[in-house]
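Before any comments, here is the structure.
The values are calculated or read from the model by the stated rules, or taken from the named source; none is laboratory data. Remember, predicted model here, so these are calculated numbers, not experimental data. Using ideal geometry, Cβ is built from the backbone for each residue, glycine included, and neighbour counts are taken over all protein chains shown.
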Amino acid sequence: MSAVGNKGFPSQTDAARAASVPQPRASQLDQPEWVDLVDQHLPRMWQVVSSYDAPLTLRHEACALAWLRLSQRGDKIAAELRESWLLMTARIELERALARASLINERTPGHRP
């Protein structure tokens, strides 16, 4: 029997339900390790995003999002690939932000860049 009744409302069933249980992450970095990573990779990341003709706020956003993505997926990225992964991710995030800004500018009447 379906867990959804004939009008789209859940019905009572005795069927087992699956639950998503968060799994602990492997090898989370501690604060000193994060400081070392930022000191090591941020200058190059900033150099890459600064090569774009983009507003300062969007460049900051791209770098911040790259670090966020690393915090979410860092355990899956080999240490020797971190810099290239961070640079690629920052570029992708900046290009997304620029595309969003372009769409907003196109849809905003009377907006002049």
The conditions are (1) at pLDDT below 65; (2) surrounded by 10 or more Cβ atoms within 10 Å (Cβ to Cβ); (3) over 19 Å from the mean Cα position of the chain (by Cα), and Ala16 fails exactly one of them. Which is it? (2)
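Would you confirm whether any residue within segment 55-69 is of a type in the set (A, V, I, L, M, F, W, C) and touching a Cys at 6+ places or on another chain (Cβ under 9 Å)? Give the derivation first.
Applying the first criterion (of a type in the set (A, V, I, L, M, F, W, C)) to segment 55-69 yields 56, 58, 62-68.
Of the ones still in play, those that are also touching a Cys at 6+ places or on another chain (Cβ under 9 Å) are none.
No, segment 55-69 contains no residue that is of a type in the set (A, V, I, L, M, F, W, C) and touching a Cys at 6+ places or on another chain (Cβ under 9 Å).
The rows are residues; the columns are (1) in a loop (DSSP other than H, G, I, E, B); (2) modelled with pLDDT of 85 or more; (3) surrounded by 12 or more Cβ atoms within 10 Å (Cβ to Cβ).
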residue: Gly8; (1), (2), (3): yes, no, no
residue: Val21; (1), (2), (3): yes, no, no
residue: Ser27; (1), (2), (3): yes, no, no
residue: Trp34; (1), (2), (3): no, yes, yes
residue: Tyr52; (1), (2), (3): yes, yes, yes
residue: Leu58; (1), (2), (3): no, yes, yes
residue: Leu65; (1), (2), (3): no, yes, yes
residue: Leu68; (1), (2), (3): no, yes, yes
residue: Thr89; (1), (2), (3): no, yes, yes
Collect the residues in segment 91-113 that are surrounded by 13 or more Cβ atoms within 10 Å (Cβ to Cβ) and at pLDDT below 90, keeping them in residue-number order. Ala101
